[in-house]
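Read the structure below first, then the notes.
Computed from the coordinates by the stated procedures, all read-outs in this text should not be read as laboratory data. What you see is a predicted model; the values in this text were computed from it and never measured. Every residue, glycine as well, gets a Cβ built from its backbone with ideal geometry; the counts of neighbours run over all protein chains shown.
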Amino acid sequence: MSLFTAVFDETDAGQRLDAVLPLLYPALSRAAWAKLCESGAVSVNEKPVPKSYRVVCGDRLQAEIPEPVPDKAEAQNIPLDVVYEDEWLLVVNKPRGIVVHPAAGHADGTLVNALLYHCQGKLSGINGVLRPGIVHRLDKDTSGLLIVAKTDEAHRHLAEQISVHSFTRRYRAIVWGHFKEKAFTVDAPIARSPKDRQRMAVVEGGRQAITHVEVQREFKEHSLLRLTLETGRTHQIRVHMQYMGHPVLGDPVYAAKRPDFGLQGQCLHAEYIAFSHPADGRTVELTAPLPPYFQALVDKFSR
């Protein structure tokens, strides 16, 4: 990540920000600059601004320029915990701390790099060369089950199941506090936060997001939850739990002001998936046990 600064002069005044920026920094296209504005990486006079901002003479620009993203992902011999595999698809148990696909700041060492090596490049191409086979994603520090398509046909079939909510994804989480109800549903729309474009939030007019919640155990200050996604928005569980006043333990974004018990990321694990196999329609159900760090916290809080 590098910092680009500039001061706009009278020749820039009155123009849209995303029209001026490519002239000042032509290495990035107008579309790329627009995305940076949407992410909150571009500030004018120390305040994030939208791409449509009209420049004023004397405005001071600051922009965080990400490292270049590779043109394509390369195969790397990185160990995988494969839970299920056949000629159509595979399911891996992703450890926390690994990014799913290459992006700015994570050019290699990702799950996709490992998948390309394991599958010898035989992955669905629907999502492009940086996300081959990726049907759905998990955050870097969320562990658990993730399905990968080897063929385009399998990818389309699985993506359709997710779209119509027939693909089951169930998680476990430790969150702060206790709940009055032992089972409930959070139905609250999610979009980028208008206050911080690098975060998601419950926002009126956002995309519908539904999470079904079951309280499994209560500890002194925390609760162990089982959560089932009906939709799959970015950071959905993490955002919904913060919205309820019970952020996920260790979440560096949505519980940053609370103790993290030495965790390196949120205490969130994708423990179960169920789907219809794209080849013959049979139901496939798979589970992944709680990772050691998660189980250790459960044991500690149970004493």
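Observations on the structure shown:
- The loop-placed chymotrypsin sites (Phe, Trp or Tyr not before Pro) in the stretch 84-144, going by DSSP, include none that has at most 12 neighbouring Cβ atoms within 10 Å of its Cβ.
- In terms of overall dimensions, the C-alpha atoms belonging to the stretch 1-159 reach 62, 29, 22 Å along their principal axes, ordered largest to smallest.
- As a calculated quantity, the FRET efficiency between ALA274 and GLU74 at R0 = 41 Å, using C-beta atoms, amounts to about 0.80.
- The stretch 2-65: mean projected area of Cα convex hull, nm²: 3.5
- Projected label distance in nm at LEU24 and ARG156, using a 7 Å step from Cα toward the beta-carbon: 4.5
- Label point at LEU286 placed 7 Å out along Cα→Cβ; residues across the stretch 103-125 whose backbone nitrogen lies under 18 Å: 111-125
- Rough spin-label spacing in nm, given labels placed 7 Å along Cα→Cβ, for LYS140 and ARG54: 3.9
- In whole angstrom, the stretch 69-164 maps to an equivalent ellipsoid with semi-axes of 19, 15, 13, each derived as √(5λ) from the alpha carbon gyration tensor and ordered largest first.
- Stokes-Einstein, applied to the Kirkwood radius of the chain over Cα pairs at a viscosity of 0.692 mPa s and 37 °C, places its translational diffusion at 155 µm² s⁻¹.
- Set LYS35/LYS150; LYS180/LYS220; LYS220/LYS257; LYS35/LYS195; LYS51/LYS257; LYS72/LYS122 screened for pairs whose C-alpha atoms are more than 21 Å apart: LYS35/LYS150; LYS51/LYS257
- Annotation: extensible slack from VAL7 through GLN120 equals 35.7 nm (criterion: 0.36 nm per residue apart, minus Cα-Cα distance).
- Rotationally averaged projected area of the stretch 197-276 (alpha carbon convex hull; nm²): 6.6
- In the stretch 17-105, Rg over Rh equals 1.19, where Rg is the alpha-carbon radius of gyration and Rh the Kirkwood radius from pairwise Cα distances.
- Pairwise label distance in nanometres, GLU218 with THR234, each label 7 Å out on the Cα-Cβ vector: 3.6
- Longest site-free stretch - the chain; sites: GluC sites (Glu not before Pro), DSSP loop, at most 10 other Cβ within 10 Å: 205-303
- Rounded, prolate or oblate (a/c below 1.5 giving rounded, otherwise prolate when a/b exceeds b/c) for the stretch 165-303 by Cα gyration tensor: oblate
- Assigned charges on the beta-carbon of Lys, Arg, Asp, Glu; the chain dipole about Cα centre (debye): 700
- Between VAL164 and HIS178, the contour length at 0.36 nm per residue exceeds the Cα-Cα span by 1.8 nm.
- For the chain, relative contact order (Cα pairs under 8 Å, six or more residues apart, normalised by length) works out to 14 percent.
- Here the stretch 160-218 is assigned +1 on the Cβ of each Lys and Arg and -1 on the Cβ of each Asp and Glu. Its dipole about the Cα centre then comes out at about 240 debye.
- Applying Stokes-Einstein at 37 °C and 0.692 mPa s to the Kirkwood radius of the stretch 243-283, computed over alpha-carbon pairs, gives a translational diffusion coefficient of 258 µm² s⁻¹.
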